[in-house]
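Structure first, then comments.
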Amino acid sequence: MKFTRQFLAILRVNLSGVTQRMGSVLTIIIGVTCAVGVLVSMLAMGAGARQQEMGNVRADAVVLNTAGAQFGQGNISRDEAAAILDLPGIRRDANGEPVVVFQSIVPIEGRRRVTGNRIFFPLIGITPNVTRDRPEIHFTRGRMFQQGLHELIASNPCTRQFTGFEIGDRSPIHGSDWTIVGHFEQGQAQQCVVYADVDSLMSIFSRNTYSSVTVMLRSPAHFDAFRNGVMANPRLHLDVRHESEALEDAFKQLNAILSFVSLFVGTIMAIAATLGAVNSLYAIVDSRRRELATLRAIGFGSGAIVISILCESILLALPGALLGSALAWVFFNGLSASPFGYTFQLAVTPSLAVLGIVWALGMGLVGGLLPALRAARIPVTTALRAT
């Protein structure tokens, strides 16, 4: 009880003198604000990328790929594709046809509207039934491509980011002209996506294998039955994964790079802010040497002094944490970014704000530790000489 009273009394005195030490206090707050703002805004890239990657994931969707191949780089033969249609657990449409989407991916070239720079992105050949069980895909202009024709549909971000994707525009692909016949939205996705008829695309590229297959199950509970059916069929040598698992694996490298860059830059800023807090708190302690020594002389314990200085440091870091998180949300939430050619919107989520606050409190704790220990070691004779 004595320790608690001493701690609260010293903390009250410390905080009452904040206005007299405004320069040092502002140095701490501004440093923490910058560190937290940079950390949260950098981490918002990874959060935004993951939100877009997983925004349209369905629990009843299963992705099949060649065993050991990366996402979208499989070699699924037409014989294997035919065998997939007879597996158990697959949903069927109103006509009794299995809801299975076959895909083939080839790179195509586009030119950015602003800079004119060339960039390569995937052209995805799909079966036309993809729109029946993907409610996030809805047309804003034009129509769906017709099977067997050289027609393309492009997501709206394509028209904003690149030239040559207006309705009626023709794109030369492997010696043939393909016509843009429709524009669509795909949930919250900001990435340019271009679809074509998979059989037509495979024909002009002389391909006989699919890159991947997406299967819609009757319900998520049918996953095990479907996977067992794949494993029991000697004609199939495929990996079976939930759509979420397949996408996580596909974007694992990008997410790792974004996380590393965010934490690296955030850590550098945090170290700088912590050093600034240490210097400021040292200055505060030095300006109160006589006061702290006097407290020691009249019976206040060293432990109460140490804890009070640490709490003061943490409380001074808290406004910077809140302000940094708020500024990151105001200036960066929803902002478009295109690292490595992949476009998405930054997302400052509540969990990132909490992480920024915890990060700031940690900076306050580390930054206040050495000044607190120094304050506790101030000799009592300092106060006696001052009197």
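Based on what the data block shows, is residue 112 within 27 Å of residue 58 (Cβ to Cβ) and assigned by TED's automatic domain parsing to the domain that holds residue 219? Spell out how you get there, then give the answer.
On the way: within 27 Å of residue 58 (Cβ to Cβ): no; assigned by TED's automatic domain parsing to the domain that holds residue 219: yes.
Criteria not met by residue 112.
Here is a list of conditions, (1) free of Cβ contacts under 8 Å to residues at least 12 places away in the same chain; (2) in contact with a strand residue (DSSP E or B) (Cβ under 9 Å, 6 or more places away or on another chain), and residue 206 meets all of them except one; can you say which number that is?
Only one criterion is unmet by residue 206, namely (2).
How many residues, within the range 70-94, are in contact (Cβ under 8 Å) with a residue 60 or more places away in the chain and either in contact with a strand residue (DSSP E or B) (Cβ under 9 Å, 6 or more places away or on another chain) or of a type in the set (Phe, Trp, Tyr) (or both)?
Let us first name the residues in the range 70-94 that are in contact (Cβ under 8 Å) with a residue 60 or more places away in the chain, namely 70-81, 83-84, 87-91.
In the following step, the residues that additionally are either in contact with a strand residue (DSSP E or B) (Cβ under 9 Å, 6 or more places away or on another chain) or of a type in the set (Phe, Trp, Tyr) (or both) were identified as 71-78, 80-81, 84, 87, 89-91.
Here the count works out to 15.
Taking the range 133-164 as the region of interest, how many residues are within 17 Å of residue 110 (Cβ to Cβ) and without any contact (Cβ under 8 Å) to a residue 40 or more places away in the chain?
So the first thing to find is which residues in the range 133-164 are within 17 Å of residue 110 (Cβ to Cβ), and the list is 152-164.
Still in the running and without any contact (Cβ under 8 Å) to a residue 40 or more places away in the chain: 155-156, 159.
Counting residues in the range 133-164 that are within 17 Å of residue 110 (Cβ to Cβ) and without any contact (Cβ under 8 Å) to a residue 40 or more places away in the chain gives 3.
Determine whether residue 73 is out of contact with any Gly (no Cβ under 6 Å at 6 or more places or on another chain), outside any helix (DSSP H, G or I) and among the polar types (S, T, N, Q). So that I can check it myself, show each step before the final result.
On the way: out of contact with any Gly (no Cβ under 6 Å at 6 or more places or on another chain): yes; outside any helix (DSSP H, G or I): yes; among the polar types (S, T, N, Q): yes.
So residue 73 passes the test.
Hey, can you tell me all the residues within the range 55-89 that are touching a Lys or Arg at 6+ places or on another chain (Cβ under 7 Å) and assigned by TED's automatic domain parsing to the domain that holds residue 216?
Result: 79, 80, 83, 89.
This table checks each residue for (1) at pLDDT 90 or above; (2) of a type in the set (A, V, I, L, M, F, W, C); (3) under 28 Å from the mean Cα position of the chain (by Cα); (4) crowded, with 21+ Cβ neighbours inside 10 Å.
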site	(1), (2), (3), (4)
192	no, yes, yes, yes
208	no, no, no, no
221	yes, yes, no, no
241	no, no, yes, no
256	no, yes, yes, no
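For the range 75-96, which residues satisfy the criterion of being among the acidic types (Asp, Glu) and surrounded by fewer than 13 Cβ atoms within 10 Å (Cβ to Cβ)? Give the derivation first.
Pass one, the range 75-96, residues among the acidic types (Asp, Glu): 79-80, 86, 93.
Hits for the range 75-96 are 79, 86, 93.
Per-residue answers, yes or no, for (1) surrounded by fewer than 17 Cβ atoms within 10 Å (Cβ to Cβ); (2) in contact with a Lys or Arg (Cβ under 9 Å, 6 or more places away or on another chain); (3) modelled with pLDDT under 85:
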| site | (1), (2), (3) |
| --- | --- |
| 307 | no, no, yes |
| 310 | no, no, yes |
| 323 | no, no, no |
| 329 | no, no, no |
| 339 | yes, no, yes |
| 346 | no, no, yes |
| 358 | yes, no, no |
| 364 | no, no, yes |
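Can you find a residue in the range 264-278 that is modelled with pLDDT of 80 or more and crowded, with 18+ Cβ neighbours inside 10 Å?
Filtering the range 264-278 for residues modelled with pLDDT of 80 or more gives 264, 268.
Within this subset, residues satisfying the condition of being crowded, with 18+ Cβ neighbours inside 10 Å are none.
No: zero hits.
How many residues are closer than 21 Å to residue 203 by Cβ and in a loop (DSSP other than H, G, I, E, B) when one looks only at the range 110-160? Before you say what the answer is, go through the steps one by one.
Just the residues of the range 110-160 that are closer than 21 Å to residue 203 by Cβ, to begin with: 122-130, 144-154.
Those still in the list that are in a loop (DSSP other than H, G, I, E, B) too: 127, 144-150.
Of the residues in that region, 8 qualify.
Looking at 160, 92, which is the one that is of a type in the set (D, E, K, R) and over 26 Å from the mean Cα position of the chain (by Cα)?
On the way: 160 fails: over 26 Å from the mean Cα position of the chain (by Cα).
After applying the criteria, what remains is 92.
Can you tell me which residues in the range 162-183 are out of contact with any Lys or Arg (no Cβ under 9 Å at 6 or more places or on another chain), part of a strand (DSSP E or B) and surrounded by fewer than 19 Cβ atoms within 10 Å (Cβ to Cβ)? Even if it seems obvious, please write down each step before you answer.
From the range 162-183, those out of contact with any Lys or Arg (no Cβ under 9 Å at 6 or more places or on another chain) are 165-166, 168-176; that's our starting set.
Checking the rest, the ones that are also part of a strand (DSSP E or B) come to 170-173, 176.
Within the range 162-183, 170, 172, 176 meet the criteria.
Search the range 212-225 for residues that are assigned by TED's automatic domain parsing to the domain that holds residue 124 and pair each with any residue that is surrounded by fewer than 15 Cβ atoms within 10 Å (Cβ to Cβ) when their beta-carbon atoms are under 7 Å apart and the residues are at least 6 apart or on different chains.
220/59; 225/88
Residue 41 fails exactly one of the following numbered conditions: (1) surrounded by 20 or more Cβ atoms within 10 Å (Cβ to Cβ); (2) farther than 30 Å from residue 322 by Cα; (3) of a type in the set (Ser, Thr, Tyr). What is the number of that condition?
Of the numbered conditions (1) surrounded by 20 or more Cβ atoms within 10 Å (Cβ to Cβ); (2) farther than 30 Å from residue 322 by Cα; (3) of a type in the set (Ser, Thr, Tyr), the odd one out for residue 41 is (2).
The values are calculated or read from the model by the stated rules, or taken from the named source; none is laboratory data. Predicted model, so just to flag it, every value in this text is computed and none were measured. Positions of Cβ are backbone-derived with ideal geometry, glycine not excepted, and every protein chain shown enters the neighbour counts.
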